[in-house]
1. To the nearest whole percent, what portion of all C-alpha pairs in the stretch B:36-95 is separated by more than 14 angstrom?
2. First compute the accessible area of chain A with a 1.4 Å probe, then give the percent of it belonging to carbon and sulfur atoms.
3. Per-residue HN-Hα couplings for the stretch C:137-154, Karplus 6.51 cos²θ - 1.76 cosθ + 1.60 at θ = phi - 60°, whole Hz, x for Gly and Pro?
4. Within 10 Å of each Cβ of D:284-294, how many other protein chain Cβ atoms are there on average?
5. When Cβ neighbours within 10 Å are restricted to other protein chains, what is their mean count per residue of peptide B:21-33?
6. Based on a Kirkwood Rh over C-alpha pairs, give the Stokes-Einstein translational diffusion coefficient of the stretch A:2-63 at 37 °C and viscosity 0.692 mPa s in µm²/s.
7. Using Cα-Cα distances under 8 Å and only pairs 6 or more residues apart, what relative contact order does chain B have, in percent?
8. Give me the compactness ratio for the protein assembly as shown, meaning the Cα radius of gyration over 2.2 N^0.38 Å.
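The values are calculated or read from the model by the stated rules, or taken from the named source; none is laboratory data. Computed from a predicted structure; not experimentally measured. Please note: Cβ atoms are built from the backbone with ideal geometry, for glycine as well, and neighbour counts cover all protein chains shown. Accessible surface areas use protein heavy atoms only, side chains included; no ligands, DNA or RNA. Shrake-Rupley method; radii C 1.70, N 1.55, O 1.52, S 1.80 Å.
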Number of protein chains: 4
Amino acid sequence: MIIVMKPHASSEHVQEVKHFIENNGLTAHLSQGEEVTIIGVVGDKKKLSGKNLELLPDVDHIVPVTESYKLSNRKFHPEPSIVKVGNTEIGPNNLTIMAGPCAIESEEQLMTIARAVKKSGATILRGGAYKPRTSPYSFQGLEEEGLRYMKEASEETGLATICEVISTSSLEAAIKYVDMVQVGARNMQNFQLLREVGRSGHPVLLKRGMAATIDEWLNAAEYIMAEGNPNVVLCERGIRTYETATRNTLDISAVPVIRSKSHLPIIVDPSHATGVRAYVAPLAKCAIAAGADGIMVETHNNPACALSDGPQSLTLPQFDELAKMLDAYAKLEGREFS
Amino acid sequence: MIIVMKPHASSEHVQEVKHFIENNGLTAHLSQGEEVTIIGVVGDKKKLSGKNLELLPDVDHIVPVTESYKLSNRKFHPEPSIVKVGNTEIGPNNLTIMAGPCAIESEEQLMTIARAVKKSGATILRGGAYKPRTSPYSFQGLEEEGLRYMKEASEETGLATICEVISTSSLEAAIKYVDMVQVGARNMQNFQLLREVGRSGHPVLLKRGMAATIDEWLNAAEYIMAEGNPNVVLCERGIRTYETATRNTLDISAVPVIRSKSHLPIIVDPSHATGVRAYVAPLAKCAIAAGADGIMVETHNNPACALSDGPQSLTLPQFDELAKMLDAYAKLEGREFS
Amino acid sequence: MIIVMKPHASSEHVQEVKHFIENNGLTAHLSQGEEVTIIGVVGDKKKLSGKNLELLPDVDHIVPVTESYKLSNRKFHPEPSIVKVGNTEIGPNNLTIMAGPCAIESEEQLMTIARAVKKSGATILRGGAYKPRTSPYSFQGLEEEGLRYMKEASEETGLATICEVISTSSLEAAIKYVDMVQVGARNMQNFQLLREVGRSGHPVLLKRGMAATIDEWLNAAEYIMAEGNPNVVLCERGIRTYETATRNTLDISAVPVIRSKSHLPIIVDPSHATGVRAYVAPLAKCAIAAGADGIMVETHNNPACALSDGPQSLTLPQFDELAKMLDAYAKLEGREFS
Amino acid sequence: MIIVMKPHASSEHVQEVKHFIENNGLTAHLSQGEEVTIIGVVGDKKKLSGKNLELLPDVDHIVPVTESYKLSNRKFHPEPSIVKVGNTEIGPNNLTIMAGPCAIESEEQLMTIARAVKKSGATILRGGAYKPRTSPYSFQGLEEEGLRYMKEASEETGLATICEVISTSSLEAAIKYVDMVQVGARNMQNFQLLREVGRSGHPVLLKRGMAATIDEWLNAAEYIMAEGNPNVVLCERGIRTYETATRNTLDISAVPVIRSKSHLPIIVDPSHATGVRAYVAPLAKCAIAAGADGIMVETHNNPACALSDGPQSLTLPQFDELAKMLDAYAKLEGREFS
C-alpha cells in the first residue's frame, strides 16, 4: 500500500502518518519527491483493517499495490486449475461446450435438445429451471420439475448438467439433481448465495455481473473459495455499455486478462452477450481464438416459440454447424472438444 | 407493440406476420412506407407471451410502445404516493433525512450517532447490520446484534429505523426490529429477495442497481408491488460509468425522470454516489433542488476509525451543518424536513 | 511516479530498474514489502519522457502520483480564476446565465430571443452558427451570416456573445464577431483546434467530451493554456452512459470535483445533458446548488419549429420563469446573477 | 417514423398530429391500441426536417424506423465494398495486415520496421507523423518529415502506407506522401475534417470514436461518402467502458454488426484496444475469427524506447510470430493475407 501525501503536506503531518503506520505494527518507507511525498507501507495490511488512512491530515490518496483476492489469484497458484463436472472436466486440457435451452419448458423439449446437442459434441447440458426475469410478469421457470427433467436427460445421454440457482432453496434443490450450479450475472454480488454455494462444495459457474470489474468478479469467486470450494469456473457473458446494437458488449479481452490474473478456467457465453442469433457463431469462434476453455450456447428445437430468449437461440442444425466449425478452431489452439 | 419489417420484405411475409398476430387473437394494422412496412399490434400483449416475433420471416425488429411495469407506473396512478415508516412518512408533503453509520459497530457508537442526528433533524436512523462487501475478508456486520441496537436507538430517540437486508434470514430478522428494510444496489435484481420483501409488506427502500436502467429499476419495484406491498421508496445512489474521480456517478437526472414515470417517492444517497466526504454536501443540496423526497447520508462519530466507508462519512458536526443548509433549500422547494 | 514490481521479481531486476532510474538522472527509493517491492521515483519526470518503464523486466505496473496538467491545476494556483467576456465576467463573484437558440436561424429569430433573454437576466447570448450534426443531411448552420446577427444582437442588447467553432476557418471568423468561442464536446480532443484557440487568446468555453474523464478534460484545457490563453471556462454537458432515459447523463459531481482540482470556472449545460425540456429546470437548479459558476440554457421563441434541438429548448416564458427561480438559489449560495 | 401518443391523448390531439403530418405532404396511419394510439408516418421524411413532432400536444415519443445513413448502408448496397490502397486492396477477397510504429521517430527506425513487417507479411505500413496526445507536453510527432520517411519506406519496400491526419494542413500534406489517411478516434466527429477527407477522394481509415455508437460511426462515414469519396474502411479500436484492466474495451461484436448494417470493409486494432502487449495476439486472432477484413498492429524495433505507446507495441519477432499464427486462422475463414 502506498500513501500519497498532498503537495504541501507539512512535515508534522508526514511524521504523524508515519507514526500511525508504525503504531499499528507496520513499517513506513518515506520517499520525498519534488512535488509530493509518498509513503510505502510494508507489513501485514490486515493490521490496518478498519482504519481509514485517507482521513489522516494531508493524505491525498491511497494506492493499493496488491489484490484483495488471494485464492483465485494466479500469483499464488501459477498452474491453471481443472474443474471436474460429472464425467467431464473444464480446464486447459480440453474445450467444453455447454448447450441447451434458456428455459426448460417440458420433458419432451429438453430430451429433444439434449439428444441433439450430445450428438453435435456438447458435453454439458444447460437449461434454466429458475429464471431471473426483468419483469415479474415473464415466465419464471418450471423450478424443481425442470431439475428432474435435467436429471433424466443426463441419465439418458450421459451429459453433465448445469442449472442456475437464485436462492438458498433453489440451490438446495439443484445440488440434488445437477452436476454444476450457475450463479447468474444479477447475483454475482449476492454474497449470501456465494457463501452458500461455497459451503455446498458443488462445481459452480460464476457469471460476470453486468457491470462488474474483473477485480470484483475475482473477489466474488473468492467468496466461494473462501468457504472451501475450489471448483469455480468463470463465465464472461457481456458487460453493460452505451452501445445498444447488441444486448450487452462481449468483453472478449476479459479472457486473456483472467488468464493472467487467475488460475480459474474461463468460458464465454456469446448468446447472452449479444442477444442476436446471427452474432453467436462469430463470437463463439472468438472465444476459442482468445483462449477460453469453452463456451455456453443457447440452443432450442423451436426458437420461435421459446418461452425465454428465443431470438438469441440457435436451432439444432445451426448448433451442429457451429460445433463443426469450432472443432477446427480448437485444433489451431492445440485443444480438443470433450 | 410495433413490428418493423425488413426493407424488401415480401408481401407474403408481411401477410404471414399479420395472420400470426390475428391467429393469436390480436389486431394488426399495416402501414406501408416507402422503405419499410410497419405493423401496429393492438390487443392484449399477454397473448403473445412466449412468442418470438423477431424470428418470423422478414421481421427486422420489434418496438415496444408500453412499459412492462404497471403498479409503479405513474400513467395508471397519477398522484404521488406516500410511504409511512414508523411515525414519519416519505412523500410529497415533506422531506426526509435518513442518517447514521454505514455499519453498526457497537451499542455506544450507534446511540451516540442516533442522538446527534436526531438533534440535527434526521427522522430515520440508518445503520448496516448485514454488509455486502466486495471482499470476503472485509467486516461483514454485527447481524442480529446490530438490529437490536437499532431497536434500542429507536426506542430512546423516537427515530424510525432502516437496515439493509441481503437474504431471507436477514429479512426475517430485520422486520422484527426495524421500521424499513433496504434492498441494496447489488441485490436490485435478486428477484427472490424482492418477492420476499413484497410478501412481508414492510416498507422498503429499493436502491438502484449499479448498472440498472430506470426501466429495470421500476421493474424491480414491480416485483415487490406485485406481491401486494405498495410501500416502496426508490433511492438513487450513483451508477457505474467510466469516470473514476468519484466512486460512482450520481445520476441526478434520475430524480425528475422517476417523477415523470412513477408515483413512488425517490430519495438520493450522495455518500455512496461519490465515496468522498467533501462532495456529499453539494450533492445533497442537488438532491433537494432536483425534487427528491429526501436524502440518505452516512454519518459517523469517528470516521477515521469507521469499519466501513469512513472516507465518505460526515462527522456529526458536519452533518449538523449540512442539515441546516438543506433546510433553506427545502423551503425554496416549498417543503419542510420532518 | 511509483514502480510496482512483480511479486517474485528477482533482486537483479529490481537493481536493473533502480540503475535505469539513476542513469536517467533521477533518484530511486526502494520499499521492499512482503509480497512486492515498490520503487518511488524522485526528480524531474520529463527526463523519463519516451522511456517505457513498464517494459523493464519484472515491472508489474506504474502508478503516477502527480497530474500531467499544470496550468489548469488548483495545486499550483489556489485562487479561483475569473474570465472576462465582453462586459461581463465568469467566476466566483457572480453567476452567469448564457441563453439563446441551439442554431441561429434568422436575424429576426435571434433578435427576438436576444431581447427576451436579456430581459429575463441572461448576460451572454448563445447561438450556433456552425453546427456539428451527427448526420450530414441535417441543418449545418448559417455560418458567417449567423455570426453577423450575433454581433448585431450584441450591439442592440449589450449582451456578450458566444458561438461554437469547429475548425480553423470558423475560429477565424468567430473571433471577429463574438466575445467568446466554444469548443464543443465532439472537438474536446481536436488538439489542433485547441492550440489555435489557445493562440487566439480569445475567451473560450471548453465543453467536456462525451466520454472524457475529468483528467482528460483538464488536459484539453492545458492545450489551450499552454499556448498562452488563460481565459478558459469549463462546461459540463452530460457524459455518455448506458442509461437512455436522458440523451446524456449529467455528471453533476463534476462540479465539486473540478472545484477541488482546478481553478478554472465551471458552468453546466442542462439542455444538452438531458435532451428533454421538462428536465432542464430541475437540473439548472442543481447546477447552482452544486456550486457551478453559471449555466447555459437553450431557449427558442418557437421550439416546435426549431431547426436543431427543439425538444430540449425552453420557450421564452419558460426561460423567464426559470431565471426567477434560479435567483433564489443563487442567493442561498451567496451569489448573484450578473 | 412512428409517433407514439400519450395514454390519455384526446382525439382532438390525435387529429391535430394527423393533420400536421398531412399538411406537410405525408400520410398518417392511425393504429388505436388499448393503451395508446400510434401513428405511422409514410412519405419523404425530409419534408419534416426542422419540425419537432415531439412538441405537438399529447405526443409521447417518436420512434425512427429507418437509419439516417444511406450511402454506407448495406440495405441499399448489398455487396461488400473493396477499397484499393496503393497496390493492395481491403475487402472480402483477402485479409490485410497494417503494421508499424505508433509514432515515426527517425528514418532509420521506420526503415528497419518497414523491412521487417514486409517480410512477415504486412501489406500496409502504418506510422504516426501527427500524434493526438492527451497531454500537450507529450511528443507530438515529426510531421511532414515523418511523411517523407513513409514515402521512402514505401518506395523501397513496396508497402502501401497510412498516416493519421488531424487537421486541414496535415491532410493536405499527407495525401502527397501516403496511400491512405486515417481519421482517429478523437476526430471521428470532427465533421469539418470528415468533409475535407471526403473531398480529397483519398482512401481513408475511419476509426470508431471512443464512445461512438455504431450508428454514429456509420453517420461519420456518411459525411465522407456524401462528399463523393466511397473509399472508406472502418476500424474498431475499443470503446470506453467502466473496466480499467484494459485501456479500452474491444467491442468485437462490432465486426458482425457492421457486416450486417454496412457494406464497408472493417478491420480491428487490438493494440489501442487493450494497451497491453500480451493481449494483442489473442485479440488479433479474434478479429479474424469474427470476420474482420484485417488488423492494424503496432510494432516497434525497440518498444522500451518507443516515444509513444511502447507498452502495447509488439517487437519485430513477436509480430512475425503473430503473422504466422494469423495465417492459419485466415485459412479457416477461407481468406488469405495479401
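1. Across the stretch B:36-95, Cα pairs with separations above 14 Å total 72 percent.
2. On the way: 5310 of 11150 Å².
The C+S portion of the solvent-accessible surface of chain A is 48 percent.
3. Here the 3J(HN,Hα) series is 8, 8, 4, 9, x, 7, 6, 4, 4, x, 4, 4, 4, 4, 4, 4, 4, 5 Hz.
4. 5
5. 3
6. On the way: Rh = 11.5 Å.
Once the numbers are plugged in, D ends up at 287 µm²/s.
7. After rounding, I find 16 percent.
8. Details: Rg = 30.5 Å, N = 1352, 2.2 N^0.38 = 34.1 Å.
So the Cα radius of gyration is 0.90 times the expected 2.2 N^0.38 Å.
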